[in-house]
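To start, the structure under review is shown below, and the notes come after it.
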Amino acid sequence: MHFIDDDRVLALAEPTDGKNRRVAAAAAEKISTFMEQALSGSESTSPRAPATPDTTGELHELAAGFRKWTSARTEGFPKMPVEKQIYSAFRDLVLFVMRFLKDIMIDPPEGCCLLLPYSKGSDFKPVDSNESDKLDQVLVVCGWDSSVAGVVQAKYADTFAVVEVKRVEKVSFDGSSRAFRDGGAVLLNARQQLVRYNRQIYEHQHNRMFTWGLTVCDSLVRACLFGPDRVLSSEDIDVATPDGRRVLVRLLVNLCLCEESRRGYIPTIQQHENADVRYWTIRCNRISSSGEKEPELATFYSRGPAMAADRNFGRHTRGFPAAERLEEIDSPTLFAKVAWHYVERGAAGEQRSELQHLSRIRKEFENSTDPDLHVPLLQAGGLVAVSTDGGWQDMTTDAIYGPEISQAYGERQDSVVDADEDTEHACIPHRQLVVAVMSPCGVTLDS
């Protein structure tokens, strides 16, 4: 499989903005401290407790909902809850964090969100799924003003992360006998299911450049980041220990307060919906016939992709028939292609890039009068750029993983490009996220 175990993946959820990073760390510490008090049954009124009595009472009720899960290996709780009880326990823990976080954040950072779980304690089929698979639990990105409650109707189109739950301890139906399965085999099975479900997130969300996921094997949680070629996974986060709970709380808070791009969304591709029309916008720089970029971003409009990214690994190519004006959206004259391009590092890689080839084609053939000549003419595009604490940054795999991870796993990146073949090589190919808006736009042939 394509998994690399490295705890440094947890740092990739931290906000890039220094101030927001400090705010997230302080909030996570307050939440963790109160969580330990609530799990111990303490009715503390310390400065770290929420200001409103109603919220404090709600938090103690939520803590009671996940106490058995987080205390399952202690003397008072000798048996791990059954799998469906873990669905509910995970839900209550997440709601505890979200309720506390929203209560203490007086001035929330711009672009922050809430991560809300599915409301019911049973597996379910997303309403927009075209397969029979049922999910154990999900996290959905919701606006900061949303009420803190479980999501009643879950869709792949709204899912931030799939959560796959497995039991290592196996208990007989009547509870008279217990056995433990191979933990490694259970984790492998959880990962396999997570990979299968994650593909549908890409298929339904046309602005995801990478995704997050979680595996829960009894009390052991692992956070996973699905990149275009590899999945980075944390080591075990044991929620049966205070340190493990603190790590999970910190992860959830970071994901709420970090930038949209850190959650895996392409900020320059967005979906819009109102009473009259539902559409997507793609923003990028126009490119002149000489190959120069215009400084201002142009906006292109599309009903949606003619081809979606329905695979976990590779280029994740999407193709949007697009128009330059919203009123012309149903008569597209352009085609916007979005994909992770494999690029060799250095000057040689730049010369071989697809954008360079398209620019040369336009220079050569833009003024051709041959009526039978049909070639793609580049009109706009470039590397997707995201806002960071230090300004703007081109979106590459190096930008996702950071310098430490990129250097650790990028040295042999040229040896393995095709990530669809299983390999034991722990390497991450270098890719750039590129938008190319071309003309003309083809018309679908009717049979």
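Under 8 Å by Cβ, and 6 or more places apart or on different chains, what pairs join a residue from the stretch 429-442 that is closer than 15 Å to ARG362 by Cα with one that is among the polar types (S, T, N, Q) and in a strand (DSSP E or B)?
Pairs found: VAL437/GLN379; MET438/GLN379; SER439/GLN379.
For the stretch 396-440, give me each residue that is part of a loop (DSSP other than H, G, I, E, B), modelled with pLDDT under 85 and not hydrophobic (A, V, I, L, M, F, W, C).
Listed by number, the residues that qualify are GLU411, ARG412, ASP418, ASP420, GLU421, ASP422, THR423, GLU424, HIS425, PRO440.
Of the residues that make up the stretch 366-379, is at least one over 30 Å from HIS2 (Cα atoms), part of a helix (DSSP H, G or I) and touching a Gly at 6+ places or on another chain (Cβ under 9 Å)? Even if it seems obvious, please write down each step before you answer.
In the first step, residues of the stretch 366-379 are kept if they are over 30 Å from HIS2 (Cα atoms); the result is 366-379.
If we keep only those that are part of a helix (DSSP H, G or I) too, we end up with none.
For the stretch 366-379, residues over 30 Å from HIS2 (Cα atoms), part of a helix (DSSP H, G or I) and touching a Gly at 6+ places or on another chain (Cβ under 9 Å): absent.
Just to verify a result, which residue in the stretch 380-395, among those that are at pLDDT 85 or above and not in a strand (DSSP E or B), is nearest to ALA298 (Cα to Cα)?
Taking the candidates together, the pick is VAL384.
Among the residues of the stretch 220-233, is there at least one that is surrounded by fewer than 23 Cβ atoms within 10 Å (Cβ to Cβ) and over 17 Å from the mean Cα position of the chain (by Cα)?
Yes, some residue in the stretch 220-233 is surrounded by fewer than 23 Cβ atoms within 10 Å (Cβ to Cβ) and over 17 Å from the mean Cα position of the chain (by Cα).
Determine which single condition SER289 fails, assuming it passes every other condition in (1) under 18 Å from SER439 (Cβ atoms); (2) open to solvent by 10 Å² or more (accessible area, probe 1.4 Å); (3) not in a loop (DSSP other than H, G, I, E, B).
For SER289, the failing item is (3).
Just wondering, is there one or more residues in the stretch 25-44 that are under 28 Å from LEU194 (Cα atoms), at pLDDT 90 or above and buried (at least 21 other Cβ atoms within 10 Å of the Cβ)?
Restricting attention to the stretch 25-44, the residues satisfying the condition of being under 28 Å from LEU194 (Cα atoms) are 28, 32.
Next, only the ones that are at pLDDT 90 or above stay: 28, 32.
Filter once more, keeping what is buried (at least 21 other Cβ atoms within 10 Å of the Cβ): 28, 32.
Yes, there is a match, as at least one residue in the stretch 25-44 is under 28 Å from LEU194 (Cα atoms), at pLDDT 90 or above and buried (at least 21 other Cβ atoms within 10 Å of the Cβ).
Among the numbered conditions (1) among the hydroxyl-bearing types (Ser, Thr, Tyr); (2) more than 26 Å from LYS102 (Cα to Cα); (3) modelled with pLDDT of 95 or more; (4) under 13 Å from the mean Cα position of the chain (by Cα), tell me where THR211 comes up short.
(2)
For the stretch 253-285, how many residues meet the condition of being touching a Cys at 6+ places or on another chain (Cβ under 8 Å) and either surrounded by fewer than 17 Cβ atoms within 10 Å (Cβ to Cβ) or closer than 13 Å to ALA385 by Cβ (or both)?
Count: 1.
Specify the residue that is most open to solvent (accessible area, probe 1.4 Å); the eligible residues are those in the stretch 184-219 that are assigned to a helix (DSSP H, G or I), of a type in the set (S, T, N, Q) and over 27 Å from GLN271 (Cα atoms).
We begin by selecting, within the stretch 184-219, every residue assigned to a helix (DSSP H, G or I); these are 184-204.
Imposing the further condition that a residue be of a type in the set (S, T, N, Q) reduces the set to 189, 192-193, 198, 200.
Still in the list and also over 27 Å from GLN271 (Cα atoms): 189, 192-193.
Values: ASN189: 60, GLN192: 87, GLN193: 29 Å².
It comes out as GLN192.
Assuming ARG311 fulfils every condition listed in (1) assigned to a strand (DSSP E or B); (2) touching an Asp or Glu at 6+ places or on another chain (Cβ under 9 Å); (3) at pLDDT below 95; (4) open to solvent by 30 Å² or more (accessible area, probe 1.4 Å) apart from one, which condition is it?
(1)
The values are calculated or read from the model by the stated rules, or taken from the named source; none is laboratory data. This structure is a prediction, so every number in the text was calculated from the model and none was measured. Cβ: placed from backbone, ideal geometry, glycine included. Neighbour counts: every protein chain shown. Just so you know, the surface numbers come from the protein's heavy atoms only, side chains and all, with ligands and any DNA or RNA stripped out. Shrake-Rupley method; radii C 1.70, N 1.55, O 1.52, S 1.80 Å.
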